[in-house]
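We did not get these values from a lab; they are worked out from the coordinates using the rules stated. In this text the structure is predicted, and so the values were computed from the model without any measurement. Methodologically, a virtual Cβ is constructed for each residue, glycine included, from the backbone with ideal geometry; neighbour enumeration extends over all protein chains shown.
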Amino acid sequence: MSRTDTAPTLFRVLCQQRRWTTWETFAIHFDKAAASVVRTQPAARPRPVTVARRTFDRWFTGTWRGLPRADTCYVLEQLFGFPAEDLFRPAPVVLRPPAAPAGPEQIRAAQSIETRWATSRLSLTTAGASGWDTWELDGRHVFDGTSLAVHLQAADSLDNGVRLPPSDPDQLREFLRPVRRGLVLGTRTADAGHQVFVLDAPSARSQIRSGLGAATTPLVIPGAHQLDDLTYGIIWAIANIDDALLADDQLLHAEHDALNAYLELPRTAPSRASIPGLTSVGAAWIGSYFCYRHITRHLADASALPVFWTREQYGESSVGWLLWSHKHHYLRDIEDRFASRTARGVTRAFCLPEAVVKDSEPYELILLFLSIALMEMHRVNVHVSDEPEMTAVDGFVLVPGQRAVIANWIRAEGIWQATTTSSHAMMRDYADAVGQAAQHSVAPGTTPPERLQALASYLGLDWVWLTRRCRELGERGIASMIRPRSRLIALDEFESTLRFVGELATS
């Protein structure tokens, strides 16, 4: 029974794991095992056995045919703990060494990704020709954490991007074949340092099907997909939110009708235990969705221009504005019904204390910035307070002279807390909070470019770099870099926001 290096025997793999790869080393351990058998079972094995150098070489290279003698097999079984028949068969795939061990470019890419982003770990654990590496993406405040399958390969430079040479097209096709989420990463070392570029598996498959990624034609990854704080934040958010919503899809669908009953109640605050099994992201989505329904229900008869207060402070909670379809409907409805009534638009306030900004990573701050830019794009004038005591203010919509609609799903004790009030004292307090935020905003200005540039400065973001990268990515699009699969996510508003921010550099 012959063996080849493409299918190593279990004997070979176990020897490699133990570093018994030479006859001299292996013989020491085999002789000890044989002596132990003679000593402990003299009647069964009356004479010691040894292994010649040539015999070991044939076992190790896989050119041995059949099985060794019975007494030799017995010693091998005692030494390794596996039947001799298994030792001389191909090793299970999970034990085989990589078909193409990671090279310097791949190793540097994994190191740079893990060093730059604390929520990221790229493990080069490919096993065999059909395996893949793993990119783990941890959460900080909301996200549950997830992992992606990745194909990491050294790339050649193009004028505006990179190309992956077809060094092993069969391995790439095997990686792209499953329907699970996967990313192709091209890595190169340039004058500016080590660079990584990202392509979603469906986009890679499309290139192959169109002939652009045939065996003789490399895959192309655009320069806009270079991995940096902007693109990492987007991948981190979409992968975590998408996977969590898919995991919760049945639960969220089952609870959809139950929300109508909650809407009829004057005050609701369901606990997490009321919907067992939800991920943290799923609980955030359903809390946000209910608050959207609650607010729009109580704005139906609004006769005055409403003002808004939101409790988002971190990128993980604010990115829902960029991704969730119901948030997009909400913003468009507010713009059509209220912002169009006046040239100055409507007002929304945030509270972002300096301590929260310092606690956030740059990619989180970019997501927060883009969420506010989305609102500005829809004619919402955003004011930002940095006073820590304002953190305790409820999320609310104030309709002057009518009511305040309270809707909390961020930092709420349950999934959400929702009610309304016509108390003049409470309505006055809410109006004062918005007025104070507007008067002392850390992002002042009379136009969106002025407010957003001031906000970028407060968050410590490079305005020139950010607007340039948003323009590049907005023109190329997000979907070819990472494509969401959940029906609850849409990218249109996100990509429009990127283009909107990109155009601010020339405003």
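One table, with the values for the structure above:
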read-out	value
Karplus 3J(HN,Hα) series, Hz, for region 52-60 with 6.51 cos²θ - 1.76 cosθ + 1.60 (x for Gly, Pro)	6, 4, 5, 5, 4, 4, 5, 4, 5
Zero-based 20 Å bins, Cα pair distances in the chain, whole percents	20, 41, 24, 12, 3, 0
Normalised convex hull volume, region 236-504, alpha-carbon set, Å³ per residue	122 Å³
Length-normalised contact order for the chain - Cα pairs under 8 Å, 6+ apart - percent	12 percent
Distant-in-sequence amide H partners of LEU158 (H built 1.01 Å from N, under 5 Å)	ARG163
Region 308-325 - phi-based ³J(HN,Hα) in whole Hz, Karplus 6.51/-1.76/1.60, Gly and Pro as x	10, 9, 10, 9, 5, 10, 10, x, 4, 8, 7, 5, x, 4, 7, 10, 8, 4
Antiparallel DSSP beta bridges within the chain, percent to nearest 5	75 percent
Kirkwood-Stokes translational diffusion coefficient of region 142-298, alpha-carbon pairs, 10 °C, 1.306 mPa s, µm²/s	86 µm²/s
Residues whose placed amide H lies under 5 Å from that of ILE275, excluding near-sequence neighbours	none
Order of TYR363, TYR458 under a 10 Å beta carbon neighbour criterion, fewest first	TYR458, TYR363
Region 309-449: C-alpha gyration tensor shape, a/c 1.5 cut-off, then a/b vs b/c	rounded
Mean Cα-pair separation over length for region 327-415, i.e. relative contact order, pairs under 8 Å, 6 or more apart, %	30 percent
10 Å binning of all Cα-Cα separations within region 10-95, expressed as whole percents from 0 upward	17, 55, 25, 3
Average Cα contact separation per residue, region 236-504, under 8 Å, 6 or more apart, as relative contact order %	24 percent
